[in-house]
Amino acid sequence: ELIGMPASILYADIAVRDKMLKELQLKGKITDFVGEGKRKDGSTFWASMNIRLLYHNGKVSGTEGIVRDISDRKLAERALVLSKEKAEESERKYRELFDEMIDGFSYNEVICDSNGNPVDYVTLEVNNAFEKILNLKGESILGIKASTFLPADELKLRLEMFGPVALTGKHLSYTVYSTYYQKYFDGKAYSPEKGKFAITFSEVTEKKVAEEALREKQEE
């Protein structure tokens, strides 16, 4: 059915065929040239073509080649691209939400001694609210052991609170006064994976001071 017919009937896009022929004339052969082919019923498929020129008496006499249907490969590649685009979009939305949170957030990893007891921790990530509430640049503490910048009593307090969360996976809701920051904090802690803990928190100093003043007044 093909003998004597123009080769153009095999191509879904004549522009692609012309590009292929131009490359073939320049190089004498092409390897894994990808384009859409056309079937007898008019449907198309992705094809990979390996073609070389044939010569007779020093002149081009024809072509010889192999065409492979690579539709499955192209579909897999497209699915991968879409998956990546979806992941990037999800990451973008997550980052926007993360950065716009009102509550402070930090993600941390505990460091244990030879007996498995938490003795230190490293902060892996913080959000904008964390920096604003604590008046602290995240880049100044990320990847650094907390013991290098926290007083011993503050480190001890945090390890007692968050160490068990990281190691057992139990959630924790807390209200605590930090002598280091001289502020009250209200928050929650949880463990995304063993050995790590994440906390969300807000400053409630004014609220706690008001509550304490009201309590004292009621006791008078």
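General observations
- Cross-chain or 6+ apart pairs with Cβ under 6 Å, segment 59-70 first and closer than 16 Å to residue 20 by Cα, then open to solvent by 90 Å² or more (accessible area, probe 1.4 Å): 64/52
- If you go through segment 124-144 and keep only what is in contact with an Asp or Glu (Cβ under 8 Å, 6 or more places away or on another chain) and either farther than 13 Å from residue 106 by Cβ or not small (Gly, Ala, Ser) (or both), you end up with 124, 127, 128, 133, 137, 142.
- Filtered residue count, segment 28-69, keeping only those that are open to solvent by 100 Å² or more (accessible area, probe 1.4 Å) and over 42 Å from the mean Cα position of the chain (by Cα): 7
- Of all residues making up segment 1-27, the number that are basic (Lys, Arg), modelled with pLDDT of 85 or more and surrounded by 13 or more Cβ atoms within 10 Å (Cβ to Cβ): 1
- Some residue of segment 194-203 being among the hydroxyl-bearing types (Ser, Thr, Tyr), farther than 22 Å from residue 119 by Cβ and touching a residue at least 24 places away in the same chain (Cβ under 8 Å): yes
- Of the residues making up segment 85-112, those that are under 18 Å from residue 188 (Cα atoms) and either surrounded by 13 or more Cβ atoms within 10 Å (Cβ to Cβ) or modelled with pLDDT of 90 or more (or both) are 98, 101, 103, 104, 105, 106, 107, 108, 109, 110.
Conditions tested, residue by residue: (1) assigned to a strand (DSSP E or B); (2) among the acidic types (Asp, Glu).
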site: 22; (1), (2): no, no
site: 26; (1), (2): no, no
site: 36; (1), (2): yes, yes
site: 45; (1), (2): yes, no
site: 50; (1), (2): yes, no
site: 53; (1), (2): yes, no
site: 63; (1), (2): yes, no
site: 68; (1), (2): yes, no
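- When residue 123 is tested against the conditions (1) in contact (Cβ under 8 Å) with a residue 24 or more places away in the chain; (2) of a type in the set (S, T, N, Q); (3) in contact with a Ser or Thr (Cβ under 6 Å, 6 or more places away or on another chain), the lone failure is (1).
The values are calculated or read from the model by the stated rules, or taken from the named source; none is laboratory data. All values derive from a computational prediction rather than experimental measurement. Quick reminder, even Gly has a Cβ in these numbers, built from the backbone with ideal geometry, and neighbours come from all protein chains shown. Surface areas here come from the heavy atoms of the whole protein model, side chains and all, with no ligands, DNA or RNA. Shrake-Rupley method; radii C 1.70, N 1.55, O 1.52, S 1.80 Å.
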